[in-house]
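Below is one structure, written out as structure tokens, with a few remarks after it.
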Amino acid sequence: MLPQANFNSLRVKACLSSAMLVVAVCLFFILLGNGSLQSLMSKNREQRHLNFQFQVSGLLQQSREELVRLAELIALSPRGRISSQEELGKALDRQWELLQQSWVLHSLKVYDADSQLVDSWGAPQRKLRPGQVAQVLLGGQPLELVHCEPVCVQSLALPMRARGGDYVLQLERPLGKALQRFREMTGTDIGILSAVREQTPANSGVFYLANWQREILSLTSRERVLPLLERVASDVPHLSGLKRKRVYELDERQFDIRTMRMDAHDEGPQFVFIEDVSTQVEHISESIKVLFLFAVLGALIFSAAVAGTLWGPIVRLRRLAQALPLLTNGRFSDARQLIRPVQKNLEKFDELDVLDTTGHAVCDQLEDMNDMVTRKTAQLEQIAMHDSLTGLDNRYSLIEQLEFHLELARHQPDTLQQLGHLFFIDLDDFKQVNDTLGHQGGDELLCVIARRLLSVMRSSDIVARLSGDEFCVFVRDAEGDSCRVLAEKLLNTVAQPVKICDNLVTVTMSIGVVAVDGKAETLEAILQKADMAMYHAKRHGKNKFQIYDASLPTLAADVQGGTKGDVVRPLELVNSTKN
């Protein structure tokens, strides 16, 4: 016996609706895909235009490298060195015609160190300016130019260092060969338009485009492409208008026409690319005719099926997806509002109902866990950053806040910096307290001293216990003599008698004070200076403070000088009472 199907399952719902959805969804996405074909064709043409630019640049670069190698061969004498101007002139007089035919050269010119043209072979129309010759000689780098008067040529000027004197060798090659290679590589026609000319050239004839004020200097497939350019030039008043219209038609063929500047100016000469895109346009046109027939039917079926079957589950899944990130941010109340509780019997639950119920349970568990983690984290932070006996900040907390203060001071301007002071405190003869009153009495005394230090300081100041009977006080802003006043106040406050184990005990302390300005100071250096100042105060009578100064003797020198005079005072029991 086959098991009864659960019609509340999403699987069953999907199977029942898939038969209607497959055709509708396919046709719907085909229709959408047709729109993307238009965009893809446009992007493809843009990409091909970029490729055309790269290929033209690559052909020019390849031609440039050939000219460089040719120049090196021309200038190299049979002896293996650079020929002088006289040697080069004699060699070129014999070999110019062969070089011109073999390398398709337009002209070859030689300039001396004074930027003067000394020899010329081939077309003499254009020559380098003196400043350009000087630039090549002084910079030592080739100078590449492309000019189109009267024909388009690629010019390369190279410096030659010869024993008889430096000179510049200029080679010019027509671009017609490069255009033909581009046509063979891409199958796209290419031409060269001259710079803008205000007047019609007398000898331009039919190759002058009046609307664009440019002459066609060179063109592949001239018989086929020239009528197209003449028609486009008559329809588009300015050359910049080619960017607005994408396809141009001639003899039932569609063409894409783009331009590429030869220099940085729009008025200068430009390459023009003429690409036949008839096949692509025809393909898109046929696709539109086929897809239009199914557009309405597919849209209706798809909309009805989604609205009736999948709309509700999708909305619920979207709410659940929006609720999950809220759980990671601790926004449990907001998450519960998105995950709606399921109000039906358990046996009627589908997969989404189970998911919503599980989401509620996970939300409750994560909230309880978050509360527990918050409490434990606060407890661990209190243990890690505070002294367990006195409740003061510990050494780690003090170092962390000092490092933050130093880092902040290094990135602040001098006008905003606050001069801080570090007070390094060591109790005098504290060992006698432990020996006389025991460790319990010593711990009680440390707690009393901690409370007295806190009573003197502000809430923004830091009071820390480093270890044993060592304390530190850090004041972030203490200007002028305020650090001296504070040190005296600390000494007087701590020196007051305190009742420990039915005994009134007087304990003093020695303080080392060091300024913390954050300029070229390290934390180790600051602590060392404070310790040196404290040690100096302890060696000179105790119950004193000493502000660090560079003239203070080092610890080793101070120990040698003060060993004989160092006196250990006994613990002073001021009074003894019984409760």
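The values are calculated or read from the model by the stated rules, or taken from the named source; none is laboratory data. Note that the structure is predicted; figures quoted are calculated from it, not measured. So basically every Cβ, Gly included, is an ideal-geometry build from the backbone, and we count neighbours across all protein chains shown. SASA here: full protein model, heavy atoms, side chains in, ligands and nucleic acids out. Shrake-Rupley method; radii C 1.70, N 1.55, O 1.52, S 1.80 Å.
Consider a paramagnetic label point 7 Å from the Cα of K177 along Cα→Cβ; state which residues of the range 49-93 have an amide N under 20 Å from it. What the label zone holds, given the 20 Å backbone N cut-off, is 55-76, 92-93.
Relative to the compact-globule scaling 2.2 N^0.38 Å, provide the ratio for the alpha-carbon radius of gyration of the range 98-193. Intermediate values should be presented prior to the final figure.
On the way: Rg = 15.0 Å, N = 96, 2.2 N^0.38 = 12.5 Å.
Ratio of Cα Rg to 2.2 N^0.38 Å: 1.20.
Full extension of the chain between S459 and H238 gives 72.0 nm of extra length, using 0.36 nm per residue less the Cα-Cα distance. Of K489/K544; K499/K538; K499/K542; K489/K542, which sit over 18 Å apart, Cα to Cα? Where the Cα-Cα span goes over 18 Å, the pairs concerned are K499/K538; K499/K542. May I ask you to derive the FRET efficiency for R451 and E488 from their Cβ-Cβ distance with R0 = 22 Å, giving the value to the nearest 0.05? According to the calculation, E is roughly 0.70.
Between E144 and L389, the contour length at 0.36 nm per residue exceeds the Cα-Cα span by 80.1 nm.
Please report the carbon-and-sulfur percent of the accessible area for the range 67-217; probe 1.4 Å, protein heavy atoms only, DNA, RNA and ligands left out.
Working: 3790 of 7780 Å².
Answer for the range 67-217: carbon and sulfur cover 49 percent of the accessible area.
Per residue, the range 386-547 exposes 46 Å² of accessible surface when a 1.4 Å probe is rolled over the protein heavy atoms with every protein chain present.
The alpha carbon centroids of the range 55-130 and the range 500-550 are separated by 83 Å.
For the range 386-547, the pair-distance distribution built from all alpha carbon pairs, in bins 5 Å wide starting at 0, is 2, 9, 19, 22, 21, 14, 8, 4, 2, 1, 0 percent. For the pair E97 and Q343 in one chain, pulling the backbone fully straight at 0.36 nm per residue adds 78.7 nm over the alpha carbon distance. In a reduced charge model with +1 at each Lys and Arg Cβ and -1 at each Asp and Glu Cβ, the range 386-547 shows a dipole moment near 380 debye about its Cα centre.
Of all aspartates and glutamates in the structure, the ones whose alpha carbon falls short of 16 Å from that of K177, not counting any fewer than 8 places away in one chain, are E65, E66, D189.
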